[in-house]
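Peer 1: I have a structure here, written as structure tokens, and I will follow up with some questions on it.
The values are calculated or read from the model by the stated rules, or taken from the named source; none is laboratory data. This one's a predicted model, so the numbers in the text were calculated from it and none came from an experiment. Virtual Cβ from ideal backbone geometry, glycine too; neighbours counted across all protein chains shown.
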Amino acid sequence: MEQTILPVESIQERDVDLILLEELSTDNSFCEWFIKELDLPNLTSVNGAWRSISAFGLGETDILFSYNSNDKKNFVLIENKLDASFQNEQFNRYLKRVNEYLTKKECDNAFTVLIAPKLYCENQSDFENYLTYERIAERLEFVGSKRNIFKSNLLQIATEKLRRGYQPINSIPIQNFWHSYWEFKEEKYPSLIMKKPGIVPYHSDWPMLYDERLKNVVFYHKLGQGNTDATFKGFPEEVEFKIKELLPEWAKFEKHNKSFSIRVHSGKIDRTKDFNEQIENVNSGLKNLERTRNWIIDNKNMW
């Protein structure tokens, strides 16, 4: 009977905070793995980890992790989400805290990351760098101590809680914007493939586009950021190096967690406002996606 009873009925975000805080505070091998998974500068020593840090009147960081990479002091601002929605402007407040830390020279580098179940991570469009509960649970189970296996089970319970309860809620105004975007794209840029929008939650801000000739390349129009990205997933490092070498002056290279992008800034778009008033930036973004797509096709035989 004992094998069929869960150790706890439900896991809350605070519980996951404490699991992360313990690992980052006591296990250097976990810290090294954590930083490597997020593709951040190599860890040479740990300074500490703290929970619920309020700073500069700009809200709260769930966990602040500080480490050194040789002679550079790095801050990692961690937002932990289980199933709650982002608060209004929450991600932007993270960016502002990063800028304050850097301006006040409290660290040399600062990074924002999201820790959440995979389903949550893949249905948000704010944090580009994230690490899933599932991946952390795998790491804890791999280490194999009785304590770590127990904590891995807790993270799996948290993940299952989200999976059972997750229901995307459609936002009519955002859905209308996305439909206008899709219709404009179909008329002006039909060679870029985009699925016709169905349910569109409020925070949906990254239309995804494809080209059948380019496997494992996804095109994102990151509306609020004003960026258009061609994101390469699962490519070897040699491809990264070659693209950096060939990259045209009108684009820049961006490294993500286990992927990288060719990025062009195209003008910010507010999905909550009238589509027609922003059609110039919409057109600019789609034009840059098409331009980037054409450059990749013209040069893909080089890698």
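Peer 1: Output the residue which, of all residues in segment 1-25 that are modelled with pLDDT of 85 or more and polar (S, T, N, Q), is nearest to the chain's Cα centre (by Cα).
Peer 2: For segment 1-25, the residue satisfying everything is Gln12.
Peer 1: Given the options Ile174, Ile149, Ile157, Ile169, name the one that is part of a loop (DSSP other than H, G, I, E, B) and either of a type in the set (A, V, I, L, M, F, W, C) or farther than 30 Å from Asn283 by Cα (or both). If you could, list the steps in order and put the result at the bottom.
Peer 2: Numbers: Ile174 fails: part of a loop (DSSP other than H, G, I, E, B); Ile149 fails: part of a loop (DSSP other than H, G, I, E, B); Ile157 fails: part of a loop (DSSP other than H, G, I, E, B).
Checking each option against the conditions leaves just Ile169.
Peer 1: Can you name the condition, by its number, that Leu223 falls short on among (1) at pLDDT 95 or above; (2) under 26 Å from Phe111 (Cα atoms); (3) in contact with a Gly (Cβ under 7 Å, 6 or more places away or on another chain)?
Peer 2: All conditions are met except number (3).
Peer 1: Looking at segment 225-271, which of the residues that are charged (D, E, K, R) and within 18 Å of the chain's Cα centre (by Cα) is farthest from Tyr130 (Cα to Cα)?
Peer 2: Quick first cut of segment 225-271, residues charged (D, E, K, R) only: 229, 233, 237-238, 240, 242, 244-245, 249, 252, 254-255, 258, 263, 268, 270-271.
Then drop every residue that is not within 18 Å of the chain's Cα centre (by Cα), which leaves 229, 233, 254-255, 258, 263.
Working: Asp229: 17, Lys233: 15, Glu254: 15, Lys255: 13, Lys258: 10, Arg263: 19 Å.
Looking at the filtered set, the residue picked out is Arg263.
Peer 1: Can you give me the number of residues within segment 101-120 that are at pLDDT below 90 and buried (at least 20 other Cβ atoms within 10 Å of the Cβ)?
Peer 2: Total meeting the criteria: 1.
Peer 1: Please indicate, with yes or no, whether at least one residue in segment 207-218 is crowded, with 16+ Cβ neighbours inside 10 Å, aliphatic (A, V, I, L, M), touching a residue at least 40 places away in the same chain (Cβ under 8 Å) and under 18 Å from Glu183 (Cβ atoms).
Peer 2: Filtering segment 207-218 down to residues crowded, with 16+ Cβ neighbours inside 10 Å leaves 207, 209, 211, 217-218.
Filter again for aliphatic (A, V, I, L, M), leaving 209, 217-218.
Those still in the list that are touching a residue at least 40 places away in the same chain (Cβ under 8 Å) too: 209, 217.
Adding the requirement that they be under 18 Å from Glu183 (Cβ atoms) leaves 209.
Within segment 207-218, one or more residues are crowded, with 16+ Cβ neighbours inside 10 Å, aliphatic (A, V, I, L, M), touching a residue at least 40 places away in the same chain (Cβ under 8 Å) and under 18 Å from Glu183 (Cβ atoms).
Peer 1: Okay, moving on. Please work out which one of (1) in contact with a strand residue (DSSP E or B) (Cβ under 6 Å, 6 or more places away or on another chain); (2) in contact (Cβ under 8 Å) with a residue 12 or more places away in the chain is the condition Cys121 fails and give its number.
Peer 2: (2)
Peer 1: Specify which of the listed residues (Tyr67, Tyr101) is more than 19 Å from the chain's Cα centre (by Cα), in the same structural domain as Phe150 (by TED's automatic domain parsing) and farther than 30 Å from Gly144 by Cα. Explain how you work it out, then say what you get.
Peer 2: Working: Tyr67 fails: farther than 30 Å from Gly144 by Cα.
On inspection, the qualifying residue turns out to be Tyr101.
Peer 1: Mind checking whether some residue in segment 272-280 is within 22 Å of the chain's Cα centre (by Cα) and either within 30 Å of Pro41 (Cα to Cα) or free of Cβ contacts under 8 Å to residues at least 60 places away in the same chain (or both)? Talk me through it step by step, then tell me what you get.
Peer 2: Kept after step one, since they are within 22 Å of the chain's Cα centre (by Cα), are these residues of segment 272-280: 272.
Still in the list and also either within 30 Å of Pro41 (Cα to Cα) or free of Cβ contacts under 8 Å to residues at least 60 places away in the same chain (or both): none.
No; the residues of segment 272-280 include none that is within 22 Å of the chain's Cα centre (by Cα) and either within 30 Å of Pro41 (Cα to Cα) or free of Cβ contacts under 8 Å to residues at least 60 places away in the same chain (or both).
Peer 1: Name the residue that is farthest from Leu223 (Cα to Cα), counting only residues in segment 158-203 that are surrounded by fewer than 18 Cβ atoms within 10 Å (Cβ to Cβ) and among the aliphatic types (A, V, I, L, M).
Peer 2: So the residue we want is Ile169.
Peer 1: Confirm whether Lys36 is free of Cβ contacts under 8 Å to residues at least 40 places away in the same chain and not β-branched (Val, Ile, Thr).
Peer 2: Details: free of Cβ contacts under 8 Å to residues at least 40 places away in the same chain: yes; not β-branched (Val, Ile, Thr): yes.
Taking the combined requirement at face value, the residue satisfies it.
Peer 1: In addition: Go through segment 266-278 and give me each residue that's surrounded by 15 or more Cβ atoms within 10 Å (Cβ to Cβ) and outside any loop (DSSP other than H, G, I, E, B). Lay out the reasoning, then the answer.
Peer 2: Keep residues of segment 266-278 that are surrounded by 15 or more Cβ atoms within 10 Å (Cβ to Cβ), which gives 266-267, 269, 271, 275, 278.
Within segment 266-278, Gln278 is the sole residue that qualifies.
Peer 1: Can you confirm whether segment 240-260 contains a residue that is among the polar types (S, T, N, Q) and not in a strand (DSSP E or B)?
Peer 2: Step one: list which residues in segment 240-260 are among the polar types (S, T, N, Q), which gives 257, 259.
Those left that are additionally not in a strand (DSSP E or B): 257.
Yes, segment 240-260 has at least one match.
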